[in-house]
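The values are calculated or read from the model by the stated rules, or taken from the named source; none is laboratory data. Predicted model only: the values in this text are computed from it and were never measured. Every residue, glycine among them, receives a Cβ derived from its backbone with ideal geometry; neighbour counts consider all protein chains shown. Just so you know, the surface numbers come from the protein's heavy atoms only, side chains and all, with ligands and any DNA or RNA stripped out. Shrake-Rupley method; radii C 1.70, N 1.55, O 1.52, S 1.80 Å.
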Amino acid sequence: MPTSSISVHSLRFCVLLAEVHAARPHKGQQLVARRLRSVLASDFHPSDIAKSHVDCGRVQDAYSLRCTPQVHGVTNDTVDFVYGLIQTEMNSATDNPMVLSSRNLTISAGNFHGEYPAKALDYLAIGIHEIANISERRIERLCNPSYSGLDAFLVKEGGLNSGFMIPHCTAAALVSENKVLTHPSSVDSQSTSAATEDHVSMGGFAARKALTVVEHVEMVVAIELLAACQALDLRKEEGLLSTKPLQAVHALVRSVVKPYDKDRVFTEDIEAVTCLLRSNKVWTAVADDVKAYWQYEEERATSS
């Protein structure tokens, strides 16, 4: 969430009215929208970037900006669904044969069949992939001066430096790979063991693919966070500061990755920020501000 927040803020998108999301009350969408509101520009968290966008004349923002709660939201709901299903599976008896001690009976049944986790992991891969899919589109908008109003590929002296052009290509390649990896394994089945095992789940392959998709998504989001923080640096040069929580995320990233003033190998930077994401430090950087905003929002609703 902090990653997409910095991107949409750097691109001067700031409208996430609670009433809009209340009209389509999916759990994940509501949660993502509220989290975004809690770190983006508001009376509680003022921002020079947002003020510079007032009355700009732009009628509509791109889907990758204004539809972030809807897209990220269904991914949240997907993860919740899969978590519940896998939790049930892990606390289940899947032995074959099954020993029913209460009936003094041993029987060959079907609890071993992997269709539940196979379908869940295929669904997880599809849901998680969408985070990278929309993230790559925001990276494009950050790098493209026609959309961002910033230096091309987020770097000065574009003729000498390629900036974020190659990281964007990397993100696009990972997203493209994911489009193949998200083809469901569990739609297939091969008969074996003299047609006794005549319908199988292909769940092992579903699990391996899902893990690879998650790793790809982590890298794409890391690239977006690097690009978004570079965009904040460029906005700061214009005299425009972001909100307090987003500046905290920016400071965290800059504690492990320096700004880009000329070309260098991005590998170590992407790995460093991926580690920040995996360790939950990016979320921790904004957690207190999110909590404070939610309290502010609730108090305002009560007083009105």
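Below are the figures for this structure:
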quantity: Extreme residue, positive dipole direction of the range 15-137, given options 39, 118, 135 (C-beta unit charges); calculated: 39
quantity: Mean separation of Cα contacts under 8 Å (6+ apart) over length of the chain, as relative contact order %; calculated: 24 percent
quantity: Count of lysine pairs in the range 172-304 with Cα separation under 28 Å (8 or more residues apart, or interchain); calculated: 14
quantity: Additional length obtainable on full extension of the chain from residue 160 to residue 17, 0.36 nm per residue less Cα span; calculated: 47.3 nm
quantity: Check: the chain dipole with +1 on Lys, Arg Cβ and -1 on Asp, Glu Cβ, in debye; calculated: 500 debye
quantity: Linear extension gain, residue 191 paired with residue 51, 0.36 nm per residue minus alpha-carbon span; calculated: 44.0 nm
quantity: Built amide H within the under 5 Å cut-off of residue 201, gap 5+; calculated: 114
quantity: Dipole axis of the chain (+1 Lys, Arg; -1 Asp, Glu on Cβ), positive-most option in 97, 52, 284; calculated: 52
quantity: Rounded Å value of the spacing that divides the Cα centres of the range 135-163 and the range 245-290; calculated: 19 Å
quantity: Folded to 0 to 90 degrees: helix 244-254 orientation relative to the chain principal axis, Cα; calculated: 80 degrees
quantity: Per-selection metrics, the range 127-220 (Cα): Rg and Dmax in Å; calculated: 19.5, 67
quantity: Under the Karplus curve 6.51 cos²θ - 1.76 cosθ + 1.60, θ = phi - 60°, whole-Hz ³J(HN,Hα) for the range 113-125, x wherever Gly or Pro sits; calculated: 4, x, 4, 4, x, 4, 5, 5, 6, 4, 5, 4, 4
quantity: Degrees between helix 267-278 axis and first principal axis of the chain (Cα, 0 to 90, nearest 10); calculated: 70 degrees
quantity: Accessible area of the range 90-136 divided out per residue, in Å², using a probe of 1.4 angstrom; calculated: 62 Å²
quantity: The chain - percent of accessible surface contributed by carbon and sulfur, probe 1.4 Å; calculated: 56 percent
quantity: Expected 222 nm ellipticity per residue - DSSP helices of 4 or more, -39500 (n - 2.57), all of the chain, to 500; calculated: -20000 deg cm²/dmol
quantity: Rg to Rh, two decimals, where the chain supplies the alpha carbon set and Rh follows Kirkwood; calculated: 1.07
quantity: Per-selection metrics, the range 148-304 (Cα): Rg and Dmax in Å; calculated: 21.7, 73
quantity: Rel. contact order, % - alpha carbon contacts under 8 angstrom, at least six apart, the range 153-272; calculated: 30 percent
quantity: Probe 1.4 Å, protein heavy atoms only - accessible area per residue of the range 150-281 in square angstrom; calculated: 50 Å²
